[in-house]
Amino acid sequence: SKHKILEIGTGSGYQSAVLSKLVRRVYTIERIKSLLIKAENVFKELKISNIVSKYADGNLGWKEQIPFDRIIITAATPFLSKEIESQIHEGGIIVSPMIKENKQVIVKYKKINNILKSEIYDDVLFVPNLSGTE
């Protein structure tokens, strides 16, 4: 697809690499410097040229690149930040593990008439979404 995706939590870079084969461009943010450096080396080694990465707090999103067609969050969070909510295109989709009543569920949000409509899927277990950088 021609989609422009924001991934919050690069981690090993595995998901970024898979997404890079499915969409036009992946913007990925990692808050742990050592993880990001390893992932960037993997992207170079695999000669993947449509992933743009940065070291930052993913909860702030990437305002220089808005809007995004899709946003994927890879850590469980009690709520989406206002920044993330504002960076998705009308008709766009955000997928995130959400903390609800002491458990985690995958939630798909779709922006319709500037409002995020949510659909809850299965129970999951992800690392917690932390703010700041390391």
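Phi-derived couplings, Karplus 6.51 cos²θ - 1.76 cosθ + 1.60 at θ = phi - 60°, listed residue by residue for segment 99-115: 8, 9, 6, 6, 9, 10, 9, 7, 10, 10, 10, 10, 7, 10, 6, 6, 10 Hz, with x used for Gly and Pro. Applied to segment 59-76, the Karplus parametrisation 6.51 cos²θ - 1.76 cosθ + 1.60 on θ = phi - 60° returns per-residue 3J(HN,Hα) values of 5, 8, x, 9, 5, 5, 10, 6, x, 9, 7, 9, 10, 10, 10, 10, 9, 5 Hz, with x for Gly and Pro. Counting only C-alpha contacts under 8 Å and six or more residues apart, can you give the relative contact order of the chain as a whole percent? Result for the chain is 22 percent.
So what's the gap between the Cα centers of segment 58-93 and segment 108-126, to the nearest angstrom? Each part reduced to its Cα centre gives a spacing of 12 Å.
For the chain, what % of the accessible area comes from carbon and sulfur atoms, probe 1.4 Å?
Carbon and sulfur: 56 percent of the exposed surface of the chain.
For Ile71, the residues whose modelled amide H falls within less than 5 Å of its own, excluding neighbours fewer than 5 places apart on the same chain, are Leu6, Ile93, Ile94, Val95. Ignoring aspartates and glutamates fewer than eight residues from Lys54 along the same chain, the ones with Cα atoms less than 15 angstrom from its Cα are Glu7, Glu30, Glu40, Glu64, Glu134. Each residue of segment 15-30 is assigned a 3J(HN,Hα), and the resulting list reads 5, 4, 5, 5, 4, 4, 7, 9, 9, 5, 8, 10, 9, 10, 10, 10 Hz, derived from the Karplus form 6.51 cos²θ - 1.76 cosθ + 1.60 (θ = phi - 60°), x at Gly and Pro. With 31 Å as the limit on Cα-Cα distance, the pairs of Lys33/Lys82; Lys2/Lys38; Lys33/Lys103; Lys47/Lys100 that go past it are Lys47/Lys100.
Taking Cα centroids, how far is segment 31-49 from segment 1-21 in Å? Centre-to-centre (Cα) distance: 12 Å. Amide H contacts for His3 (H built 1.01 Å from N in the peptide plane; partners 5 or more residues away or on another chain; cut-off under 5 Å): Arg24.
Could the peptides 18-26, 43-51 be put in order, highest first, of the mean number of other beta-carbon atoms found within 10 Å of their residues?
Highest mean packing first, the order is 18-26, 43-51.
Mean sequence separation of contacting Cα pairs (under 8 Å, at least six apart), scaled by the length of segment 8-71, corresponds to a relative contact order of 39 percent. Quick one: grab the alpha carbon gyration tensor of segment 55-134, order the square roots of its eigenvalues as a ≥ b ≥ c, and give me rounded if a/c is under 1.5, else prolate or oblate depending on whether a/b is larger than b/c. Oblate shape, in that a/c is at least 1.5 and b/c is the bigger or equal ratio. For the chain, the longest principal axis of the alpha carbon atoms and the long axis of helix 33-45 meet at an angle near 60°.
With both bridge residues required to lie in the chain, what share of the DSSP beta bridges run antiparallel, to the nearest 5%? Please list the in-between numbers first.
Details: 16 of 36 bridges.
The answer is about 45 percent antiparallel.
Solvent exposure of the chain amounts to 58 Å² per residue of accessible area, where only protein heavy atoms count and the probe is 1.4 Å.
The values are calculated or read from the model by the stated rules, or taken from the named source; none is laboratory data. Since we're looking at a predicted model, the values are computed, not measured. Cβ coordinates were reconstructed from backbone atoms using ideal geometry, including for glycine residues, and neighbour counts include every protein chain displayed. Heavy atoms of the whole protein, side chains included, go into the accessibility calculation; ligands, DNA and RNA do not. Shrake-Rupley method; radii C 1.70, N 1.55, O 1.52, S 1.80 Å.
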